[in-house]
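Notes to accompany the following structure.
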Amino acid sequence: MKRVAIVGYAQHPILKNAGALNEVELIMPVVHQLFNDLGISQKDIDFTCSGSCDYLQGAAFAFVEGLSAIQTNPPIKESHVEMDAAWAMYESMLKIQMGDAETALIYGFGKSSPGDLDAIISLQMDPYYISPLWPDRVSLAALQARVLLNQNIITQEQMLATVMEARTNSKNNKNALITDLIDESDYLNNPMVSSPLNKLDCPPISDGSSAMIIASEEKAYEFTDHPIWIEGIDHRIESSNLGSRNLATSNTLQASMKQLNLKNIKFDVAELHTQFSHEVPFLKFLLNLQDVPTNLSGGPLVGNVMMCAGLDAVGKTYESLKDNQLTHGLAHATSGPCLQHNMLVHLEAKK
Amino acid sequence: MSDSKDLLRAPFELAYNYKRSSGPVMSEFFEALGQQKILGTKSRAGKVFSPAAEFDPETHESLKEMVEVGPGGSVESFSWIEVPQNHHLIKDPFAFALIKLDGADSSMLHMIADCNEADLSIGTRVTAAWSETSDKRITDIKFFTLEK
């Protein structure tokens with residue numbers, strides 16, 4: 001394996017409603033901030049890969065518009081994933097491993113405010129057995145929450161603590177959308193959206209964008225004195241047949257942990273793409289993170305830009321390691337209902 | 001500036017405006033639903049998937065043998081919606097649920113209606129209520145109701 005490092009990451013302030021700002025106008029500032037911070041330009045980038053969802057914009061090939069945010073003349077090598085931009089990072093890793101690129105620009109963007117996100121996400125499900133029933137994303141997550149509560153894998157108190165902690169941690173995150181603190185009675189008096197999940201258990205509708213640059217060992221030190229290495233990366237998906245999955249565990253996450261040999265690593269920090277409160281104690285349990293500071297950025301509960309929040313977990317882990325001189329970080333990205341598809345990224349700062 | 005009537009125009013329909021084929025396994029499942037029967041596919045090891053799966057997600061074995069399951073089953077999990085949204089098919093409080101039909105080893109995602117949240121728990125017995133018309137779609141099961 002060629003060694004690859006993250007050399008830069010930038011995030012747009014997460015907005016409740018970006019209004020007339022279009023996707024290009026959301027991407028441009030973060031890409032330019034990255035280029036300026038590193039003193040580089042598009043010509044220093046061998047491969048560009050983005051993550052977004054055409055369903056959010058309601059038009060086929062809407063992601064092509066996003067390319068207007070970067071310089072594409074002379075022609076560039078470029079790709080796109082209809083997934084969270086964490087998977088654009090994965091594709092970029094492969095491109096570097098294959099020897100087709102030494103550097104890659106990754107960006108993700110999403111505007112959830114103009115449409116009805118619950119209805120839109122329904123359309124992305126299995127079109128035969130599931131989409132025709134129009135299950136909203138909260139109700140699907142709630143199915144897993146109930147299984148976990150029923151089997152005492154997590155508790156309602158842990159869900160409350162997660163919501164309160166996310167808001168406390170939002171002070172560490174200058175781009176957070178939700179920053180107001182709540183107390184126990186605010187939580188308990190909040191109406192259920194889809195029981196057992198209330199509004200505070202769910203992430204806010206968010207607009208925004210993020211960008212990251214990764215580079216091979218040869219190039220990384222040209223860009224920065226403090227690269228953070230991608231020591232391991234693995235992603236696995238479970239069946240689209242929701243009813244055949246065991247929602248009380250995640251066989252795929254366990255397989256990824258084994259593949260990445262994470263058992264004996266003492267993580268200093270973790271950022272999880274946990275969109276719903278019950279997912280935090282569940283993943284901390286599965287990933288052995290009980291004593292590891294997790295989601296110090298507040299995580300998706302204080303700002304959840306669709307198609308970016310997974311890349312943001314990687315970016316926030318990168319920032320934590322870089323800014324606090326820590327050694328090992330774990331980032332998690334997810335896609336699909338009830339943590340169907342998961343990616344783990346082990347980041348390491350070399351002393 | 002040209003006159004607006006000179007502009008090229010194209011219609012734009014924001015919709016799911018394409019057709020899908022159901023394939024051999026799901027076609028049989030949907031044909032049977034049209035006759036108010038629920039089928040599942042059975043693996044060599046005897047595991048039954050309903051709704052009918054085309055392959056076993058664990059062994060990747062191709063599944064063809066059909067067996068009838070349900071129409072009764074038990075609730076494996078549910079989420080209760082007190083205030084349905086515009087896109088939901090049921091306008092009164094209802095649940096999305098994973099229902100393990102009698103004779104099946106996997107669960108079906110569907111809805112439960114005509115009851116209260118307090119009536120439901122994991123293990124509650126429910127049975128299929130059929131739509132008045134048959135479209136040979138998953139919505140031919142209108143929803144599930146408490147077993148009498």
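A few points about this structure:
- Net length gained if the chain between A:E25 and A:K77 were fully extended (0.36 nm per residue, minus Cα distance): 16.5 nm
- Where only DSSP H runs of four or more residues are counted, chain B gives -2500 deg cm²/dmol as its mean residue ellipticity at 222 nm, each run worth -39500 (n - 2.57).
- Cross-link partners of A:K266 among aspartates and glutamates (Cα-Cα below 20 Å; sequence separation of 8 or more within a chain): A:E231, A:D234, A:D291, A:E319, A:D323, A:E348
- Cα convex hull volume per residue for chain A (Å³): 133
- Cα extents of segment B:87-126 along the three principal axes, largest first (Å): 31, 23, 11
- Scaled radius of gyration (Cα, divided by 2.2 N^0.38 Å) that segment B:66-148 gives: 1.04
- Given in Å, the Rg to one decimal and the Dmax to the nearest whole number for the Cα atoms of chain B are 19.9, 72.
- Taking other Cβ atoms within 10 Å as a rough exposure proxy, A:I214, A:I178 sort from fewest to most as A:I178, A:I214.
- Taking the Cα centre of chain A as origin and assigning +1 to Lys and Arg Cβ atoms and -1 to Asp and Glu Cβ atoms, the resulting dipole is close to 600 debye.
- Taking Cβ atoms as reference points and 13 Å as the exclusive limit, the residues near A:S68 contribute a net charge of -4, counting Lys and Arg as +1 and Asp and Glu as -1.
- Averaged over the residues of peptide B:55-66, the number of Cβ atoms from other protein chains lying within 10 Å of each residue's Cβ is 1.
- Summing Cβ point charges (Lys, Arg +1; Asp, Glu -1) relative to the Cα centre of segment B:44-148 gives a dipole of roughly 100 debye.
- FRET E, pair B:E54, A:Q124, Förster distance 22 Å, beta-carbon r, rounded to 0.05: 0.65
- Neighbour cut-off at most 15 other Cβ (10 Å), DSSP loop, GluC sites (Glu not before Pro), segment A:80-147: A:E82
- When you filter the chymotrypsin sites (Phe, Trp or Tyr not before Pro) in segment A:55-112 for DSSP loop state and at most 15 other Cβ atoms inside 10 Å of their Cβ, you are left with A:F61.
- Additional length obtainable on full extension of the chain from A:D183 to A:D225, 0.36 nm per residue less Cα span: 10.8 nm
- As a calculated quantity, the FRET efficiency between A:N251 and B:E61 at R0 = 22 Å, using C-beta atoms, amounts to about 0.80.
- Percent RCO, i.e. relative contact order, over segment B:22-146, from Cα pairs under 8 Å lying at least 6 residues apart: 24
- The gain in end-to-end length when the A:R3 to A:D323 segment is fully stretched comes to 113.0 nm, 0.36 nm per residue minus the alpha carbon separation.
- FRET efficiency for the A:S41 to A:N17 pair, using the beta carbon distance and R₀ = 35 Å, is estimated at 0.65.
- Rounded to 5, the percent of DSSP beta bridges in chain A classed as antiparallel: 70
- Applying a threshold of 19 Å to the alpha-carbon distances of B:K42/B:K148; A:K16/A:K199; A:K16/A:K284; A:K2/A:K350; A:K43/A:K219; A:K263/A:K284 flags B:K42/B:K148; A:K16/A:K284 as lying beyond it.
- Relative exposure of A:T294, B:T127, judged by other C-beta atoms within 10 Å (fewest first): B:T127, A:T294
Each reported figure results from applying straightforward, stated rules to the coordinates on display, with no laboratory input. Nothing here was measured: the structure is a model prediction, and the numbers come from that model. When we count neighbours, we look across all protein chains shown, and the Cβ atoms used for this are built from the backbone with ideal geometry, even at glycine.
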